[in-house]
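I'd like to ask some things about the structure below.
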Amino acid sequence: MERYFHEELEAVRSHLMEMGERAVESANLALRALEQRDLDIADSVIEGDDIIDAIETRIDEEVARYISLRAPVAKDLRLLFVAVKASHDLERVGDEATSIAKRTKKILASNETYRGLGRVPDMCELAISMLKEALLSFIQEEEDIAHQIIRRDKEVDALNRENFKEFVELMKDDPSKVDVYAEMIFISKSFERIADHAKNISEEVYFLLTSQSLKQVIKEETKS
Amino acid sequence: MSLVSLRLQKEIKMDTPAVDSQRVDRNRPLIRISDFDFSYGDKQALFDINMDIAEHKVTAFIGPSGCGKSTLLRCLNRMNDLIESARINRGKVEVNGVDIYDERVDATELRKRIGMVFQKSNPFPKSIYENVIYGLRIQGIKKKSQLDETVERCLKGAALWEEVKDRLDTSGLSLSGGQQQRLCIARAMAVGPEVLLMDEPCSALDPVATAKIEELIHELKNDYTIVIVTHNMQQAARVSDQTAFFYMGNLIEMNATDQIFMSPDKEQTEAYISGRFG
Ligand SMILES: Nc1ncnc2c1ncn2[C@@H]1O[C@H](COP(=O)(O)OP(=O)(O)OP(=O)(O)O)[C@@H](O)[C@H]1O
Ligand SMILES: [Mg+2]
């Protein structure tokens, strides 16, 4: 039996989706600002972060209210936990995108030229696809998608290490560009963190759908 | 102007102050209780109650056993008139600005406007059909089409129609507990009340029947103002817009239900709702 207050759960769900879409969008724009050396795009990422933060606050309020008034249990309760945790991850994604945009502005302001972006665009693409799939596993309620995301996190970590080496080499080659490449190292690290948050979200969705810990499940699988 | 005041004003002359103030104060709540003290004989049961009950809202009364919830509820339609020792020592209850304890107010008329649904469902040993139109029969209404229309409308309103429409002439007592409770709600609706008072309407029901009554309450507030007494705090949280917490005859705190359950002002309220009482 559907109860009138179940609509309130749908509202939480749809706010989480909206937040996810905005987080993906700002990570995308952060890369575009860097690739196209576009200040306006960088600014739009920074401005957009307030909206993402506001949605997180709203979700927290809705969850606190639902738990206080509706005595949720089982999957409903898990959804609320997941909403709080995943919205926190998405808020962090927004912060990382903002930090990338700010660093991009610094690089652009320094007027320095630089040689390529290393594997940053590849990382970004990978991180964003992980994030999108984590959200998809949430919408479609498919735990297999969540399960698969975890492996890809290792690829992102590897790309980040590659970037680090490359940017350090570039610094050595041209010490006058240390500042620019230091920013690049941070930017690469930010994309790596975005992938970490995508991984967290997929674990949270997995818990929502199966009430099991994905970490634990994978441990068991590698044992056998 | 609402039905209640129209009906009551047949009794009270149009130039009384109550009627004048109605024209002035548009934001007045439907029910206003002020400085209200009530006793059973020597024993005071309610102390200095002040409360506004808003129209088309669900108001829940919560508090430990014996704190006076039912007493106050019964004061709202003068059910306490029937108790010999009952005394109002001070204060008043106004419905749409009319003092319902004014000697010119007809209590029977008042109870038609402010219906009551009890804890234990109490259908009469008559058919489902006759149960619903009981109040109309007493008023001497005989027109078949009007009675039929009332039965269908009220059973639909009480979300019972689909379950009983093919057996309206079977006994009301043959229904399940939850169905009986909805039948009693339909019966209360049939006399065209504006307010429904419910005293623990779900306490004898299982969770599914309870959920149905709660859904019904949620629907009914479009047309009625509802005051519900409940021991089930989750129920108060689910169905009500405003919650009043009573303790030993005192109204400790009344506020929007969200507020009461998320951050009550008073420590006593917090202790009670979080189960840390006593
Ligand atoms: N008819 C009566 N005659 C005398 N005293 C009464 C009567 N009805 C209630 N009381 C007393 O008035 C006080 C308030 O009772 P009331 O029934 O209003 O409490 P309540 O909050 O509804 O409790 P419960 O949750 O147990 O139904 C109690 O001390 C009770 O003993
Ligand atoms: Mg009682």
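The values are calculated or read from the model by the stated rules, or taken from the named source; none is laboratory data. Since this is a predicted model, take the numbers as computed values, not measurements. Neighbour counts run over all protein chains shown; Cβ positions are idealised from the backbone, glycine included. The protein model used for the area step is the full one, side chains on, heavy atoms only, and it has no ligands, DNA or RNA in it. Shrake-Rupley method; radii C 1.70, N 1.55, O 1.52, S 1.80 Å.
Scan segment B:249-278 residue by residue and report those that are of a type in the set (A, V, I, L, M, F, W, C), touching a Lys or Arg at 6+ places or on another chain (Cβ under 9 Å) and surrounded by fewer than 23 Cβ atoms within 10 Å (Cβ to Cβ). Even if it seems obvious, please write down each step before you answer.
Initially, segment B:249-278 is screened for residues of a type in the set (A, V, I, L, M, F, W, C), giving B:251-252, B:254, B:256, B:260-262, B:271, B:273, B:277.
If we keep only those that are touching a Lys or Arg at 6+ places or on another chain (Cβ under 9 Å) too, we end up with B:252, B:261-262.
Scanning segment B:249-278 gives B:Ile252, B:Met262.
Only one residue in A:Phe186, A:Phe167, A:Phe191 is closer than 14 Å to A:Leu117 by Cβ and open to solvent by 80 Å² or more (accessible area, probe 1.4 Å), so which one is that? Spell out how you get there, then give the answer.
Numbers: A:Phe167 fails: open to solvent by 80 Å² or more (accessible area, probe 1.4 Å); A:Phe191 fails: open to solvent by 80 Å² or more (accessible area, probe 1.4 Å).
Checking each option against the conditions leaves just A:Phe186.
Within the group B:Gln235, B:Gln259, which residue is within 16 Å of ligand 2 (Cβ to nearest atom) and out of contact with any His (no Cβ under 8 Å at 6 or more places or on another chain)?
B:Gln235
Per-residue answers, yes or no, for (1) more than 16 Å from ligand 1 (Cβ to nearest atom); (2) surrounded by fewer than 16 Cβ atoms within 10 Å (Cβ to Cβ); (3) more than 24 Å from B:Ile141 (Cα to Cα):
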residue: B:Gly157; (1), (2), (3): yes, no, no
residue: B:Lys165; (1), (2), (3): yes, yes, no
residue: B:Ser174; (1), (2), (3): yes, yes, yes
residue: B:Ala188; (1), (2), (3): yes, no, no
residue: B:Val191; (1), (2), (3): yes, no, no
residue: B:Asp199; (1), (2), (3): no, no, yes
residue: B:Cys202; (1), (2), (3): no, no, yes
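Right, here's the next one. Mind listing whichever residues of segment B:228-273 are away from chain A (no Cβ under 14 Å) and among the hydroxyl-bearing types (Ser, Thr, Tyr)? Explain how you work it out, then say what you get.
Narrowing segment B:228-273 to residues away from chain A (no Cβ under 14 Å): B:228-229, B:231, B:244-254, B:265-268, B:271-272.
Once the filter is applied, which keeps residues that are away from chain A (no Cβ under 14 Å) and among the hydroxyl-bearing types (Ser, Thr, Tyr), segment B:228-273 yields B:Tyr247, B:Tyr272.
Oh, and also: Select from segment B:218-248 the residues that are within 17 Å of A:Glu7 (Cα to Cα) and surrounded by 20 or more Cβ atoms within 10 Å (Cβ to Cβ) and list them in ascending order. Step through it out loud before you land on a result.
Within segment B:218-248, the subset within 17 Å of A:Glu7 (Cα to Cα) is B:218-219, B:237-241.
Listed by number, the residues that qualify are B:Ala237, B:Arg238, B:Val239, B:Ser240.
Turning to a different aspect of this structure: Show me the strands (runs of 3 or more DSSP E) found entirely inside segment B:22-101 where at least 3 residues are within 16 Å of ligand 2 (Cβ to nearest atom). Break it down into steps so the answer makes sense when it comes.
Numbers: elements: B:31-40, B:43-53, B:58-62, B:86-95.
By residue number, B:43-53, B:58-62.
Does segment A:39-57 contain any residue that is within 14 Å of chain B (Cβ to nearest Cβ), closer than 26 Å to A:Glu203 by Cβ and free of Cβ contacts under 8 Å to residues at least 24 places away in the same chain? Full working, then the answer.
Start the filter on segment A:39-57 by keeping residues that are within 14 Å of chain B (Cβ to nearest Cβ), which leaves none.
There is no residue in segment A:39-57 that is within 14 Å of chain B (Cβ to nearest Cβ), closer than 26 Å to A:Glu203 by Cβ and free of Cβ contacts under 8 Å to residues at least 24 places away in the same chain.
Can you tell me how many residues in segment A:5-21 are within 14 Å of chain B (Cβ to nearest Cβ) and open to solvent by less than 30 Å² (accessible area, probe 1.4 Å)?
Qualifying residue count, segment A:5-21: 2.
Anything in segment B:52-86 that is within 11 Å of ligand 1 (Cβ to nearest atom), farther than 30 Å from B:Gln234 by Cα and in contact (Cβ under 8 Å) with a residue 24 or more places away in the chain? List them, or say none.
Restricting attention to segment B:52-86, the residues satisfying the condition of being within 11 Å of ligand 1 (Cβ to nearest atom) are B:61-75, B:79-80, B:82-86.
Next, only the ones that are farther than 30 Å from B:Gln234 by Cα stay: B:82-86.
If the condition is that a residue be within 11 Å of ligand 1 (Cβ to nearest atom), farther than 30 Å from B:Gln234 by Cα and in contact (Cβ under 8 Å) with a residue 24 or more places away in the chain, then B:Ile83, B:Ser85, B:Ala86 are the ones that fit.
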